[in-house]
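I'd like to ask some things about the structure below.
The numbers here are math on the coordinates, done by the rules we state, and not lab data. All values reported here derive from a predicted model rather than from experimental measurement. Please note: Cβ atoms are built from the backbone with ideal geometry, for glycine as well, and neighbour counts cover all protein chains shown.
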Amino acid sequence: MAVATILLCSSFIAPAHALSASSLKVPWRRVDGLVAAETKDFSGEASGIFNNIRTPAALLAGASFGAAFALQPVSGEAMAMGLCKRVYLLISVSAVSAELIAVLVSSITLGRLGTEGKRSASSGSVVDYLREHYELEFLATQFNFQIGLLGLCAMVGIRAWVAFSCPRFGRIACGIVTSALFTMLALMQTPGDKCQAAGGECSGLFAMGVRYVQLLAEKCWRERSVLLLLSLGIGAFSLGELGMALKFMATRGRCAMHS
């Protein structure tokens, strides 16, 4: 009787044990496989994008720094010439700063791409992957690289206008540079460069800059970053000082013309 009872109990325990092993392990592996199939690691393609920007940005930073102090204002020169040289210096400093930010952010993001292992939906693209996980870094690299490139182009035009003693050839050089600037701005406004803004989708360098500042402000508020707060504050103060300086120069120029 005891032997029959033991056999009967073992017949109930054995299937339960087998059922628990099959029900706990197989479904979890199946779910992990489905998740891996629905997502994809775009870090390789993203690294290629950042590398394609980092190297030219480093070259542009060196070129802009080498030409930054080529035109120095001289006392006693014409008002237009002095203003032109001062604007040249401001553009060159801004171009160098923008390209250095692009180099630094792209280098740091490349290290993160190799270690974090983030994934996105396999049906998306590498741009969707960057906007999902590295939107601020992507915009910081793109925006600062393009601003620095436009600044270097403007520097070439201003220096050509100052260097040419013949006004006609100076105007020709400025026209060529202006045409190149407009071409670059037009090509930057492509559907592939669309960015998500607060009111919908927009494209172009200006929209990219607005979104860039918005993401910086959000990161500053979210992380309570004192350095980002100082960065945004000093940037706004510098823009205000630039407006006041240009207004003063314009007022002084009108006074000189009336006198």
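Give me the extension gain from residue 218 to residue 77: residue separation times 0.36 nm, minus the current Cα-Cα distance, reported in nm with one decimal.
Stretched fully, the residue 218-residue 77 segment lengthens by 46.2 nm.
Something else about it: Along Cα→Cβ, 7 Å out, is where each label goes; now give me the distance between the ones at residue 131 and residue 249 in nm to one decimal.
In this crude spin-label approximation the distance works out to 3.8 nm.
Further question on the same structure: For residue 38 and residue 97, calculate 0.36 nm times their separation in residues minus their Cα-Cα distance, and state this gained length in nm to one decimal.
My answer for the length gained is 17.2 nm.
On to the next question. Calculate I(q)/I(0) for the range 50-149 by the Debye formula, one identical point scatterer on each C-alpha and no solvent, and give its log10 at q = 0.10, 0.12, 0.19 Å⁻¹ to two decimals.
The calculated log intensity ratios at q = 0.10, 0.12, 0.19 Å⁻¹ are -0.39, -0.50, -0.87.
Residue 187 to residue 115: FRET efficiency via 1/(1 + (r/R0)^6), r the Cβ-Cβ distance, R0 35 Å, to the nearest 0.05?
With a Förster radius of 35 Å, E is 0.55.
Okay, next question. For labels at residue 180 and residue 162 in the simple 7 Å Cα→Cβ model, what's the distance in nm?
1.7
Across bins of 10 angstrom width beginning at 0, how are the C-alpha pair distances of the range 202-243 distributed, in whole percent?
It works out to 28, 44, 27, 0, in whole percents.
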